[in-house]
Amino acid sequence: MTDELKRRLELLVPGPGDDEIEAVLRSITRHARRERRTLAVVGIAAATTTVLGAVAVLDRGDGREQDVATGQGSVASEPSPPAAECGIADPPMSTSTTLATPGGPLYSAWELREHLRSTVGDVVGGVYGDGTTGALVIGVLPGGRPAVEAAKRDFDATSSVPSPSVRYVEVANSLNRLETLNARALRAWTEPEEAGGPGINSVGIDDSSNTLSVGLQDNTPTNRAAVLETICATPSEVSFSQQDPVSAL
Amino acid sequence: MASDFDRLFRSEYSRLVRALTLACGDAELAADAAQDAFLQAHRHWRRVSGYLDPAAWLRRVAVNRLANRRRGVRRLQGFVARTPHDVGVAAPADVAGSLDLWAAVAGLPRQQRFAVALHYLLDLPVSEVAHTLGVAPATVRSHLHSARKVLAGVLEDDDSPLPRRTAR
């Protein structure tokens, strides 16, 4: 039975084709090379704020690039000055951040979130469901609602499924900003085999609170301050909680 | 350096994506998690390449990344529904029986799905599955036993051979 199950499972889930594998490999090595260049430039520029400013402009200009693997757009991280202050370079968010393409039998809030993050990530602060009313709640930054509404209309225009009712709430932190902080936290304490630091056991963006949610082994003022300092965040951008170690499951 | 990394990528990437896809039911999330893990490996290659088993490190990072992403996805579960076709499973016209198996796998508790994916698709021994998931080997054996009982029913109901599917 074991052999048959293995055979059937192998048939069930197709893997990426050779072309896709090669494209992803190129994408990874390209991003890594770009990151090394950025690190080098930031290192050289650290002595002079004038040059550091130029780095930030260059990085912002290169913020949206074509993804090799998917041929679709991907959104890079925010500009580098805070990262330079932190000593953490912000890499692209993902090597294959896929733009939303509506499909499937139900309205996909997750794909809408990805679409909004990819198109108006600086003014949208999160997408989540209201468990009581069933409404979709979209967090927007002050003044950003027209852009978010327009982006949502674009998304809905290509969706065969009608949108659920939507409620907009005003928030302070953009998804792009939270993604950047999330990436910094993961990069600062990324090694699952290694301990150390302030004892972070979980990190993730919490759309409903519009913060980066950080679970600490010991939720002490000292550890909270260490996290904020390391990822260059303000207290209003991060929520802390006591969190026991989380199994990968 | 690049050639060693390339070799590891070519030997492990596809298998890892497939296993993660089976575990999480979402090919895009699986690919993102696998790519994140390889990006980390490339970034720290000097150190990672010195590990006894760099592939084991990769798997653990990828599983952790997937778990992090899934925690975000779960908040939107009420609005998201994916079908086997959406996640890249063989088309129903080709392998009708595979849909039953997919549904059975999707119905397994998450811990069992991860155990099945790593054990059967990555050919990892129980001890390595346990290390990857951060649980005891006995726990993995229990998950596999429970999963096999469920999946055996599907295999018995549909014993027609499946056509081999070409890579997408």
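Between residue A:219 and residue B:46, the modelled labels are 3.9 nm apart [label points 7 Å from Cα along Cα→Cβ].
Projecting label points 7 angstrom from Cα along Cα→Cβ for residue A:149 and residue A:6 puts them 5.9 nm apart. Take the Cα radius of gyration of the range B:1-51 and divide it by 2.2 N^0.38 Å, N being the number of residues; the result is 1.18.
Solvent-accessible surface (1.4 Å probe) assigned to residue B:100 amounts to roughly 90 Å².
Its residues counted as N, the range A:196-236 yields a C-alpha radius of gyration over 2.2 N^0.38 Å of 1.10.
With the simple model of a label 7 Å out from the Cα in the direction of the Cβ, residue A:22 to residue A:242 spans 5.6 nm.
The values are calculated or read from the model by the stated rules, or taken from the named source; none is laboratory data. Note that the coordinates shown come from a computational prediction; the quantities given were computed from them, not determined experimentally. Every residue, glycine as well, gets a Cβ built from its backbone with ideal geometry; the counts of neighbours run over all protein chains shown. Just the protein is used for accessible areas: all its heavy atoms, side chains included, with ligands, DNA and RNA removed. Shrake-Rupley method; radii C 1.70, N 1.55, O 1.52, S 1.80 Å.
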